[in-house]
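Below is one structure; the comments refer to it alone.
Every read-out reported here was derived from the displayed coordinates using simple, explicitly stated rules and does not represent laboratory data. Please read these numbers as outputs of a predicted model, since none were measured by experiment. So basically every Cβ, Gly included, is an ideal-geometry build from the backbone, and we count neighbours across all protein chains shown.
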Amino acid sequence: RRRRVRRHRRVHRRRRVRRHRRVHRRRRVRRHRRVRRRHRRRVCGRRCRFLKAHQARLRAMHIRRAWLARLRRSRALRRQLHLRRARMRRLLAHRRRMAAFLRRRRAIIAAQRARARRRHKPCFPAHAQVLLQDGQRKRMDELAHGDAVLTVGSDMTTAFKEVYFFGHRESEARAPFQCIKAGGKELCLSADHFLVASNSGLWADAFPLRAAHVSVGQTVWQHGEKTEGVKVEEVAEKWLTGLYNPYTLDNNLIVVDGLVASTHSSWFLESVVPSSMDWLPPSVYEARLPPAP
């Protein structure tokens, strides 16, 4: 029993010692931590103040550098914008000069063409062909007085009528012509020469129209197996050789290169009649100036 008691006391003593050691160790650790914390606070306080000041200096430097970079970029951008605006002003001035030059050039070309039209008489070119009564085709420069050519009446009836008069025959002259393509055929005549056209496609609504006023989509008449209307596909201006204007008896519509055209052209009424009444002068010419018997 005594042994057990002594053993028990020894065990409890050891436990107390261990517990005491643990407690003192914890106290030492806590004290050491407090000391380290106070030291760190003192050291870190100085260091943090230094770091804060350094960071503030760095921040100010970065701000200054960013401000300088923005300033340089803004200056470069302003310079680029200034150069771009100057380039755009130069480009717009060049475009204005080119537009003025083109307007003057177009006005000069239009005046030259107008002078050429006034200088050259309205007619057909030398290579234009008509159909004779014997079935042959003859060029304008080979046509003679008394040749019976295919004509079309006001009621679309066809007949062969004799050529009794040439308004002019100039084989060497060169002049601008309006070339009208329709139905696979091409008719070239001067700008002031008349041909039959219609906006509705009906013969009843057909009217004489100067070649200069013919536009794509209008209807003109061709003669094949029968006389029928076809749409204008293209209108172009070409310089061709020869000036011929034949007149036929009775009928004033002649078939040239497969298309129906008038034998009349502008004379003295066109200067007083508006372009919207192009149909009137040929009727007056035919009624007031009939061919001699």
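Sequentially through the stretch 48-56, phi angles give Karplus couplings (6.51, -1.76, 1.60; θ = phi - 60°) of 5, 4, 5, 5, 5, 5, 5, 4, 5 Hz, Gly and Pro residues having no value and appearing as x.
This model, with +1 at the C-beta of Lys and Arg and -1 at the C-beta of Asp and Glu, gives the stretch 170-262 a dipole about its Cα centre of some 120 debye. Residue separation of Glu237 and Arg15 scaled by 0.36 nm, minus their Cα-Cα distance, works out to 67.3 nm of gained length. Enumerate the lysines that Lys161 could reach by cross-link, defined here as Cα to Cα under 22 Å, with residues fewer than 8 away along the same chain left out. Cross-link targets: Lys138, Lys226.
A Förster radius of 45 Å combined with the Cβ-Cβ distance from Arg84 to Asn199 puts the calculated FRET efficiency at roughly 0.30.
Got a sec? Charge dipole of the stretch 124-201, +1 on Cβ for Lys and Arg, -1 for Asp and Glu; which of Val149, Pro176, Ala159 is way out at the positive end? Toward the positive end, the furthest listed residue is Pro176. For Ala191, the residues whose amide H sits under 5 Å from its own are Gln178, ignoring neighbours fewer than 5 places away on the same chain, with H placed 1.01 Å from N.
Over all pairs of distinct alpha carbons, what does the Kirkwood formula give as the hydrodynamic radius of the stretch 142-262, in Å? Value: 14.6 Å, from the Cα pair sum.
Could I have the simple spin-label model distance between Ala111 and Glu172, label points 7 Å from Cα toward Cβ, reported in nm to one decimal? Label-label distance for Ala111 and Glu172, simple model: 3.0 nm. Only lysines eight or more places from Lys181 in sequence, or on another chain, were considered; those with a Cα closer than 16 Å are Lys231, Lys238. Our estimate of slack between Glu225 and Leu92, defined as 0.36 nm per intervening residue step minus the Cα-Cα distance, is 42.0 nm. Dividing the radius of gyration of the alpha carbons in the stretch 44-200 by their Kirkwood radius gives 1.66 for Rg/Rh.
Between His54 and His127, residue separation times 0.36 nm minus the direct Cα-Cα distance comes to 16.4 nm. Magnitude of the charge dipole for the stretch 115-243, about its Cα centre and with charges confined to Cβ atoms of Lys, Arg (+1) and Asp, Glu (-1), is about 520 debye.
Around the Cα centre of the stretch 8-86, unit charges on the Cβ atoms of Lys, Arg, Asp and Glu (plus for the first two, minus for the last two) sum to a dipole of about 1440 debye. With just the Cα atoms defining each centre, how far is the stretch 198-254 from the stretch 9-70? Give it in Å. Each part reduced to its Cα centre gives a spacing of 109 Å.
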